[in-house]
Every structure is written in C-alpha cells, then in structure tokens.
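Only one structure is covered here, and it is reproduced in the block below.
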Amino acid sequence: MIRRGRPLAPFVAGLLGLLALAGCSSRHNLGQARYRTNCGICHHGGEGMLGEIPPLTGRIDRIARTPEGRHYLVDVLLNGLNGPLVANGGRYNFSMPSFRRLSDTEIAAILTYLSASGGQADPPVFASSEVAAQRAQSLGPSRVADERRALDHAHPLP
C-alpha cells in the first residue's frame, strides 16, 4: 500500500535495482554453466595448466578493458586460437577450437562470467549484440593469433 505524500521514486529505484541484480545473476549462472561444459574441460577452474593451457582467471577482465581487447576475446570464442603465446609470463603452444556453435547469448555470458571471476571492481560485461556483430566474419584460428600479437603490441596482454 502506498501512502499519500510518500514519493514513489525510492520504491521504483529499489525494484529496478532488484531486477537488474536478477538479470546479472542469471547471466552469471548461464556463463558459469556454459564455461564448465565447454571451456572448463581444458581451462579447469580458470587456472589452466602450466605450459599447456593458458590461465583465464585474472586476465579476461583486464584484456576486456579496451575495445580491441573485447573484440579479440569474442573472436577467440567464435573462431578458436592456435599457436604459441605468453600469458602471465608462462609460454603456451596449444590449439583451442571454435565455439561458434554456441549462441551469441551463451558466448557473451561465458565472457561476462570470466570477466567477473577476475576479482576487479566493476568488471566488463559482454552483450550478445557484440558477439552477433562479429559472428558474420569468420576467421581462422591463426588469424586470431595474428590479432592477439597486434593487440599485445598495442596494449601488452597479461
């Protein structure tokens, strides 16, 4: 019951806040579930395997801080990645498959989940529209590796 003289703004703001949190929670849960069944097989809990599979935790949120980094991360999931790379000072030479079979929403949720697992305040959030915009252009995993090298030159990657 709303009493006369009481503004509705605080009530509406609180309700909108709860709805936003519910949306974030469901996106986080979807991202975590899709990560476990698609990425966690190799990357485990995000720590990877030294010398074999690069770690993700604490890196995705930092890479996603630039538009070029966001673009690269979406390309990795859509197109795969292969070849040597350095991550957190460790050297890796591996091949990651494309996850193009996943929906735009699922890929965005995985990247958002990984970004949130980095521990930084206000982690970047990915939208399915970002993934959809890049899906039209199919790159090979070696071209994504070239993109990574260019990105690392412009913005050194963790």
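Results, tabulated for the structure shown:
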| item | result |
| --- | --- |
| Segment 40-92, dipole about Cα centre (Lys/Arg Cβ +1, Asp/Glu Cβ -1), debye to the nearest 20 | 140 |
| Extreme residue, positive dipole direction of segment 17-151, given options ILE53, HIS71, PRO124 (C-beta unit charges) | ILE53 |
| Potential extension, HIS153-VAL86 segment - 0.36 nm per residue separation minus Cα distance | 22.9 nm |
| Sequence-distant residues sharing a close amide H with MET96 (under 5 Å, placed H) | LEU81, ASN82 |
| Magnitude of the charge dipole, segment 24-154, Cβ model with Lys/Arg +1 and Asp/Glu -1, debye to 20 | 140 |
| Sequence ranges 91-103, 120-132, ranked by mean other-Cβ count within 10 angstrom, highest first | 120-132, 91-103 |
| Cβ-defined net charge surrounding VAL131, 11 Å radius [Lys, Arg +1; Asp, Glu -1] | -1 |
| Whether segment 24-154 is rounded, prolate or oblate, judged on the alpha carbon gyration tensor where a/c under 1.5 counts as rounded | rounded |
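Coordinate-derived values only; no laboratory data. These numbers come from a predicted model, not from an experiment. Virtual Cβ from ideal backbone geometry, glycine too; neighbours counted across all protein chains shown.
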